[in-house]
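All remarks here apply to the structure that follows.
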Amino acid sequence: MNERNEALVEIRNLSRVYQGGVRALDDVSLEVARGEWLAIMGPSGSGKSTLLNILGCLDQPTEGQVVIDGVDTAGLNANALTRFRREVVGLVFQQFHLIPYLSALENVMLAQYFHSVPDEAEAREALERVGLGERLRHLPAQLSGGEQQRVCIARALINGPRLLLADEPTGNLDLLNEQIALELFRGLHREGHTLIVVTHDPGVGELADRVLHLDHGRIAKEEMCSCGPREETVAALSGRA
Amino acid sequence: MRRRMFARVLVGSLRKRASRTLIAVLAVLLGASLITALFTLSRGVESQAGRELRRYGANLVITAPAARVTTGIGNLEFGFVEAEAQLPDSIKGRLSSAVAQGEIEDFSAFLEGTVYADGRAVAVTGAEFDRLSVLRPWWKVEGAWAPKEADPQASSQAPALVGVATARILGLSAGNSLELRSDDRSISLLITGVVEAGGADDKRVFVPLDSAQALLSTKGISRIEVSVLASKGSIEGIAARLGDLIPEGEVRVVGQVAEAEARVLGKVKLLLGLVAGLVLIAAGLTIASTMTASVMERSREIGLMKALGAGNRSIAGFFMGEAATGAMLGGMGGYAMGTVLALVIGRVAFESTLPASALALPVTLVSALAVSLIASLFPVRTALRIDPARTLKGE
């Protein structure tokens, strides 16, 4: 098995039970290979976000094992989980979640601050990569939704994470910005990044290598993507207006 | 670069919540101003009293017992008032004998009263001019203590020293002539100097004792200040013997006077301390509540920081940094306001111009910082317990 196919994420018999006995995830097992783009889909309440939170080390499983890059995160305490998260995981949110009083550049540097040392040159380069070289000093309120999401993507990538997690990254974007964001994800995938994207949108799911369908906390269906050239899929998405 | 980023987040956060920040700063400022006022007052008044004790040299004061005068109209009695009485001038002879026998070191007589200058009432003190510079070495005199011998005016006019407050009101300076009038006498004086004594003496005019006696139509004396050597026996013992020598006077140890002042000061300090303590507690509660509100308002921001990998130390650091910044701003403003407050209280309550205390600044800042940081503990604890997964979902 080459490095790209080696499992980055291994989940075994994962369950997450909340107070009151609500089973958000029920005995889920899966593997995600390095460099793979996995889409997770399902109706509301199916456990998508819970799974993403556990993969992002924002939550701990009630039962089961979650091994990311060889580390069993289920056994880590809160401080260790935080350290692991900032080293290994990059997060992209549906609602962007930028600090409103920091500029685009500073929002990216904030992620560096928590990781190690802020590097303005590196942060500038990350924003230029996502096409925001001219908007470095703008506050989030001065950026469009698509631009804010691109800042979010730059922030998620700045510390070189091994795993990129995105929760409905295009959910708040118009079609044009959705296309731009998806192009970015495709570029990252081509570069070998491992992506796990939660989405409601089948068109977004078709861009992935594999789609996992969750229902009531369990894996209902798993399908390999057999769509046509991805460019056509992206174009089709933009033409849906 | 880390420090710059930290400062950037701190400043941005404080500016975004400017009104809440202002409330917290004002709360600290109020408490800090009272701390400064208390500190400045206690050190200033104590040092002034101590200075007078140390430099004065006089250990004993002899005054006439206050006379009780019954007041009333016809058969109606309103009770009594205490009227100022005087000591006879002849006491000086007995005290001179005590000096000759080595019982006391030295003494000086004073007569106080009210006369008029330019139609205004003026407090006058008759004193032995040749002893004044020895008895009052801390006075700052603009001009001279006594007239120069070569000055032709000196032979025709008695000298006078005018307190700086009175000089300002009457528009006087060294070299001017001053006419003082009583009901039936007047006297022309040469002002040799303007005195800054730093107390009630700033409002007085000092003239030779015999000039004051002539003006006030009396041969009496208001008080005599006496210096004794401690090696001659206990001060209290000497005071008792002087009391026997001068039965018409009351002999008091100056320390008793200072003790009385110290008791008053102690009560003022206690009152200010209580008020300062209560205001600091109130400031602490204000800081705790504004910061808790801030944490609630920023729960998503805190959740995001945690999601980006911020540890507890980073989160706590931001909030403690905000509290410390507010403490410094409020502390410095409080120091300025408290210094003015001490000046006003010193003038009104102690007739004293108290200097600003440089030591009050670090004391105030440390107090403000302590209150702010302690008050921040609960809100910081709340911030550290925020669940990023839930807050980022909007719960």
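Overview of results
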read-out: Counted residues, segment A:62-81 - those being within 13 Å of another protein chain (Cβ to nearest Cβ) and in contact with a Leu (Cβ under 9 Å, 6 or more places away or on another chain); value: 1
read-out: Segment B:379-395, residues that are in a helix (DSSP H, G or I) and either in contact with a Ser or Thr (Cβ under 7 Å, 6 or more places away or on another chain) or within 10 Å of chain A (Cβ to nearest Cβ) (or both); value: B:P379, B:T382, B:L384, B:P388, B:A389, B:R390, B:T391, B:L392
read-out: Residue match in segment A:171-190 (condition: surrounded by fewer than 18 Cβ atoms within 10 Å (Cβ to Cβ), on the phi > 0 side of the Ramachandran plot, at pLDDT 85 or above and not in a strand (DSSP E or B)); value: no
read-out: Segment B:195-224, residues that are in a strand (DSSP E or B) and farther than 22 Å from B:V141 by Cα; value: B:I221, B:R223, B:I224
read-out: Only one of A:E120, A:E125 that is away from chain B (no Cβ under 13 Å), acidic (D, E) and surrounded by fewer than 17 Cβ atoms within 10 Å (Cβ to Cβ); value: A:E125
read-out: Segment A:172-231, residues that are touching a residue at least 40 places away in the same chain (Cβ under 8 Å) and of a type in the set (S, T, Y); value: A:T194, A:T199
read-out: Residue check for A:G35: part of a loop (DSSP other than H, G, I, E, B), surrounded by fewer than 17 Cβ atoms within 10 Å (Cβ to Cβ) and either within 14 Å of another protein chain (Cβ to nearest Cβ) or at positive phi (or both); value: no
read-out: Residue that is nearest to A:G90 (Cα to Cα), among those in segment A:101-117 that are more than 7 Å from chain B (Cβ to nearest Cβ) and not hydrophobic (A, V, I, L, M, F, W, C); value: A:Q112
read-out: Only one of A:F84, A:F96 that is under 30 Å from B:G317 (Cβ atoms), within 11 Å of chain B (Cβ to nearest Cβ), within 17 Å of the chain's Cα centre (by Cα) and surrounded by 22 or more Cβ atoms within 10 Å (Cβ to Cβ); value: A:F96
read-out: Residue in segment B:77-97 that is touching a Leu at 6+ places or on another chain (Cβ under 6 Å) and at pLDDT 85 or above present; value: yes
read-out: Segment A:132-159 - residue that is within 13 Å of chain B (Cβ to nearest Cβ) and small (G, A, S) and, of those, surrounded by the fewest Cβ atoms within 10 Å (Cβ to Cβ); value: A:A141
read-out: Residue check for B:G338: more than 25 Å from B:K16 (Cα to Cα) and more than 14 Å from every other protein chain (Cβ to nearest Cβ); value: yes
read-out: Single unsatisfied condition, A:V32 versus (1) closer than 17 Å to A:L214 by Cα; (2) at pLDDT below 90; (3) not charged (D, E, K, R); value: (2)
read-out: In segment B:293-312, residue surrounded by the most Cβ atoms within 10 Å (Cβ to Cβ) [restricted to those that are closer than 26 Å to A:A154 by Cβ and under 49 Å from the mean Cα position of the chain (by Cα)]; value: B:I302
read-out: Restricting segment B:163-185 to residues that are small (G, A, S) and surrounded by 13 or more Cβ atoms within 10 Å (Cβ to Cβ), the residue that is farthest from B:A123 (Cα to Cα); value: B:G175
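The values are calculated or read from the model by the stated rules, or taken from the named source; none is laboratory data. If you're wondering where the values come from, they're calculated on a predicted model, not measured in any experiment. Cβ: placed from backbone, ideal geometry, glycine included. Neighbour counts: every protein chain shown.
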